[in-house]
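Worksheet: one structure, shown below.
The values are calculated or read from the model by the stated rules, or taken from the named source; none is laboratory data. Remember, predicted model here, so these are calculated numbers, not experimental data. SASA here: full protein model, heavy atoms, side chains in, ligands and nucleic acids out. Shrake-Rupley method; radii C 1.70, N 1.55, O 1.52, S 1.80 Å.
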Amino acid sequence: QKKGCPSPELNKDGLCNAWFHEYSNGTSDKTLLIVNTGLHVHGQATFEQVFDDFVDTIEDSHRTNDIIVYRTAVPGHEDCRQFNAPLSNYSQYRPSTKYDWDKVEGYNRYAVERIFNLTNHPYSTNADGETSKMNWMVLDVYPMTVLRPDGHRPPRDCLHYYLPGPPDWWTHLLFSNLMDLPLPSKESDV
């Protein structure tokens with residue numbers, strides 16, 4: 001049992017999901033849950049297992065009125081203090097092996113594909129063999145954020161960003177994506 005994490009909130013890998021109890025037993029009102037796995041895994045197989053466990057946990061909540069937004073991960077930029085402007089195009093971006101930041105694109109690819117398969121294929125299933133009834137959405141901030149090595153907090157923190165800064169544009173993208181969702185019909189809104 002992890003310190004500060006009641007045992008019912010541990011998944012099969014011993015990861016603490018202390019937030020899940022409050023989420024799953026909270027309000028029955030429609031909820032917008034925005035999540036990201038972070039960059040604390042080091043290896044594709046580990047990421048896939050952690051992500052699959054997370055998806056299964058959400059699917060088991062049966063909160064079918066909610067919108068679950070998975071925000072893609074964003075790597076840091078090595079030597080970010082040398083940048084004072086955004087990159088002008090993606091070909092200038094070079095993934096760094098520092099802290100396994102070069103693996104982030106593979107993690108994102110897996111997560112996006114897994115969510116796509118859950119939501120867009122009538123024969124795709126969750127761990128229980130059921131078709132997903134959850135409302136999943138991907139907020140893909142990776143392409144725009146890797147162009148912003150200038151937005152970090154140097155000299156020591158080349159992973160996190162200044163606020164205001166690049167994360168504010170994530171909010172703009174989220175709002176635009178939410179506005180693109182279809183409005184519920186009168187029958188399903190009851």
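Couplings 3J(HN,Hα) of region 87-98, computed from phi: 5, 8, 7, 5, 5, 7, 6, 10, x, 9, 7, 4 Hz, in residue order, whole Hz [Karplus 6.51 cos²θ - 1.76 cosθ + 1.60, θ = phi - 60°; x for Gly and Pro].
Over region 21-166, the pair-distance histogram of Cα-Cα distances with 10 Å bins from zero comes to 11, 36, 30, 18, 5, 0 percent, rounded to whole numbers. Expressed as a whole percent, the accessible surface of region 36-81 that belongs to carbon and sulfur atoms is 43, based on a 1.4 Å probe.
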